[in-house]
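Note sheet for the following structure.
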Amino acid sequence: MNKTALRALLRERRALIAPESHGFSRPTGQGRRARGLSQHQVDQLLHRAIGTYHRLESGSYPNPPTTLLRDVARLFGLNEQEWVSLNRFALLQDPPGPLHQSSGKEVPGVWQEAVDGISHMAYVTDASWDMLAYNEPLAAMFPDGNVPANTMRWMVLDTHGRESLMDWHTAWAPMVLPQLRAALASRPDDEVLRQIEKEVLADPETADLYNVGVSYPHPDGDERPLLHPQLGPGWASMCTAQPLTAPGARLMILVFRPGQRRSHARAPMLRVR
């Protein structure tokens, strides 16, 4: 626990909330009055035992439950980056999921301009794999430039997707499906993800692979076989990043090299020398 950082974050945000906005009257009379809600008022609003919030803010609450942190974060109006910071300060770990289910569904509009400036195939999807932005090199992958509305559904369920993703049964599906399972673990109420899972379980091919339940890390740095409609078969190296204001959203850059066999050496890791 980082007590100093935790105390500073919570005090600052608590001070911004006027007691009157929650039906409390501000004390009158002489003496110095702190700004914002009192710690006792926070306990009342969160329906917690008196002293619970004081323990959290003072850093004397070891391993506070995530439910308490989430309730405090929502009461204080924290954004997603502050939510991550709260968990790191209080628990020394990232949160188990976003603060709000609506998070990760949008990115700043300048991302389209940024994607257009990338020479490789590139796109941005939201936390449900719905397409938000893509460039012309990516559009060239699809007939008449009809980019799929949801890349997860295309990768695991679309016939064209299974043809383009070479060695689909071994090089793609076993790596992609665990990402769907992991996303649902942190976003169990996401209707788009739940519908895709329903379709996956209704398909015998994908159901068997999905039910294996293996874990697979992020695809960043992976190389997989890909059939390009213009350049033929080759290998796609994946570079993946996440817009910081949209947890679960992802920027994907595909570096494509034509060739039936992987004839190039994998680039070494980049590190400071």
Estimated inter-spin distance, L270 and A15, nm [label 7 Å along Cα→Cβ]: 4.0 nm
Taking region 1-135 and dividing mean pair separation by its residue count, relative contact order in percent (alpha carbons under 8 Å, at least six apart): 21 percent
M121 long-range amide H proximity, modeled H, under 5 Å: L254, F256
Nearest-0.05 FRET efficiency for A114 and R48, computed from C-beta distance (R0 35 Å): 0.20
Length-normalised contact order of region 76-142 in % [C-alpha pairs under 8 Å, at least 6 apart]: 22 percent
Computed [θ] at 222 nm, helices only, for the chain once each DSSP H run of length n ≥ 4 contributes -39500 (n - 2.57): -11000 deg cm²/dmol
Degrees separating the helix 191-202 axis from the principal Cα axis of the chain, which is the longest one: 40 degrees
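Which of rounded, prolate or oblate describes region 90-184 when judged by the alpha-carbon gyration tensor and an a/c cut-off of 1.5? Mind showing how you got there, number by number?
Details: a/c = 2.27, a/b = 1.24, b/c = 1.83.
Verdict is oblate for region 90-184.
What FRET efficiency do you get for S58 and D189 if R0 is 25 Å and r is their Cβ-Cβ distance, rounded to the nearest 0.05?
On the way: r = 33 Å, r/R0 = 1.34.
Plugging the Cβ-Cβ distance into 1/(1 + (r/R0)^6) gives 0.15.
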Region 128-136 - phi-based ³J(HN,Hα) in whole Hz, Karplus 6.51/-1.76/1.60, Gly and Pro as x: 9, 6, 6, 6, 10, 7, 7, 10, 5
Inter-label distance for V147 and E82, nm, one decimal - labels placed 7 Å from Cα along Cα-to-Cβ: 3.3 nm
T159/M238 FRET efficiency (R0 30 Å; Cβ-Cβ; nearest 0.05): 0.85
Karplus (6.51, -1.76, 1.60) ³J(HN,Hα), θ = phi - 60°, over region 234-248, in Hz, Gly and Pro reported as x: x, 10, 10, 8, 9, 10, 10, 9, 10, x, 5, 8, 10, x, x
Exposure proxy order (Cβ contacts within 10 Å, fewest to most) of T151, T159: T159, T151
Estimated inter-spin distance, M131 and H100, nm [label 7 Å along Cα→Cβ]: 2.7 nm
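None of the figures in this text is laboratory data; all of them are computed from the coordinates on show. Values in this document were obtained by computation on a predicted structure and should not be read as measured data. Quick reminder, even Gly has a Cβ in these numbers, built from the backbone with ideal geometry, and neighbours come from all protein chains shown.
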